[in-house]
Amino acid sequence: MKVGIVGAGMVGSSVGFALVLRGVASEIVLVDHNPDLAQAQAEDIAHAVPFAQPTRVRAGGYDALEGAEVIIIAAGVPQKPGEDRMSLLGRNAAVFGDVIAETNRVARDAILLIASNPVDIMTEVALQASGLPAARVFGSGTILDTARFRYLLGQHLNVAAQSVHAYVLGEHGDSEVLAWSSARSGCETLTDFADQVGAPITDAVRQEVDQKVRRAAYRIIEGKGATWYGIGAGLARIVQAIRDDQRAVMTVSARVSEIEGIHDVTLSLPRVVGRAGVAETLIPHLSFAEATALRASAGMLRETAQKLL
Ligand code: ADP
């Protein structure tokens, strides 16, 4: 499968590298505003190919994206000193306007997979700018937050993260909601499983896991300025689900017509992802507190998108 990546910075190059290591793409094309950067990243990633999976990796202009089935958009501009969030968002929305005019011109049948942050808002921008069906424009959303939640619960229960089914919903950011009440391990509710293995989910455990999931990006940014490997691997995983029509359940960010009373908002919910993009959106059963938190998260995202667009 041919995969395009627009924005060859840290996130764009990491997803290219992850795609090569996993053998997900037959061809990868990197496009950047700065062609020298795209060229250098493509060459560097191509040098990993002999140690990984056969993949053609190259840099190019937008015309080189022709025939791409998935285009990952990881382009963006850095925040200027003193710049507020809305102004940064406005500049990033303008970048997306330019990028999507080009992807629409050369690869209108592609799925657009959005990685730029704030990912929920940028996915909404991409959806509106592209005019494509909502199933084919979605963002990485809380895929990584969900992975961290499952991993931490797995550690606590001493069980594989793959056997933990637990989701992070809403915004990929401060207002995200850890759906504790619907979490399962194997076929048991989380609390039943935890009691059976003698590792109860106390308030202290909840708080610790919540903080670790919610604060992970902040901790990494403190240490290295930004995050890229985890999200690169997560994006490659999404591309694999598309390529193989896996119909895997993942928390990606996409438009939903209504959630908790908020209409037409783009956020993360568990979704069935396959060849056609988002095939189904699942509405989880939530506790009152979780539903209230999800409504607040959705409301905030809807308001931000309305102010911007
Ligand atoms: P991140 O850590 O999110 O990857 P970077 O700043 O490393 O952030 O990467 C963002 C990339 O997006 C940069 O390489 C930048 O040149 C690129 N970019 C910015 N504007 C555009 C644009 N209009 N078209 C294509 N690429 C762009």
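For this structure, a couple of remarks:
- With all protein chains modelled, accessible area of ASP44 [1.4 Å, Å²]: 100 Å²
- Charge tally in the Cβ shell below 11 Å around VAL6, where Lys, Arg are +1 and Asp, Glu are -1, VAL6 excluded: -3
- When LEU294, LEU308 are compared by accessible surface with a 1.4 Å probe, the order from highest to lowest is LEU308, LEU294.
- Applying 1/(1 + (r/R0)^6) with r as the Cβ-Cβ distance of VAL159 and VAL205 and R0 = 22 angstrom yields a FRET efficiency of 0.90.
- ILE220-GLN306 pseudo-label distance in nm [points 7 Å out on the Cα-to-Cβ vector]: 3.3 nm
- Judged by the gyration tensor of its Cα atoms, with axes a ≥ b ≥ c, the chain is prolate; a/c meets the 1.5 cut and a/b is the larger of a/b and b/c.
- Under 5 Å between amide hydrogens, built in the peptide plane, is the criterion, and for GLY4 it picks out VAL29, GLU69, VAL70, ILE71, ILE72 among residues at least 5 positions away or on other chains.
- Carbon/sulfur fraction of accessible area - the chain, other protein chains in place, 1.4 Å, %: 53 percent
- Length-normalised contact order of the chain in % [C-alpha pairs under 8 Å, at least 6 apart]: 18 percent
- Counting only heavy atoms of the protein chains and using a 1.4 Å probe, VAL272 has close to 20 Å² of accessible surface.
- Ligands, DNA and RNA aside, LYS224 has an accessible area near 90 Å² when probed at 1.4 Å.
- On the basis of the beta-carbon distance and an R0 of 25 Å, ALA248 and GLU66 show a calculated FRET efficiency of 0.35.
- Candidate residues GLU222, GLU124, GLU66, GLU188: accessible-area rank, largest first, probe 1.4 Å: GLU222, GLU66, GLU188, GLU124
- Straight-line cross-link partners of LYS224 among the lysines, defined as a Cα under 20 Å from its Cα and at least 8 positions apart when in the same chain: LYS80, LYS212.
- Heavy atoms of the protein chains alone define the surface here; on that basis the chain has 45 Å² accessible area per residue at 1.4 Å probe size.
- R0 of 41 Å, Cβ-Cβ distance GLU280-ARG105: FRET efficiency to nearest 0.05: 0.85
- Shape call, region 142-308: gyration tensor on alpha carbons, a/c limit 1.5: rounded
- Cα-based shape type of region 36-177, given that a ≥ b ≥ c are square roots of the gyration tensor eigenvalues and the cut on a/c is 1.5: oblate
- GNM result for the chain, Cα springs below 10 Å: residue of GLY12, GLY277, GLY234 fluctuating most strongly: GLY234
The values are calculated or read from the model by the stated rules, or taken from the named source; none is laboratory data. These numbers were taken from a predicted model, which means no experiment stands behind them. A quick note on method: Cβ atoms are made from the backbone with ideal geometry, for glycine too, and the neighbour counts reach across all protein chains shown. With ligands, DNA and RNA removed, areas are computed over all heavy atoms of the protein, side chains included. Shrake-Rupley method; radii C 1.70, N 1.55, O 1.52, S 1.80 Å.
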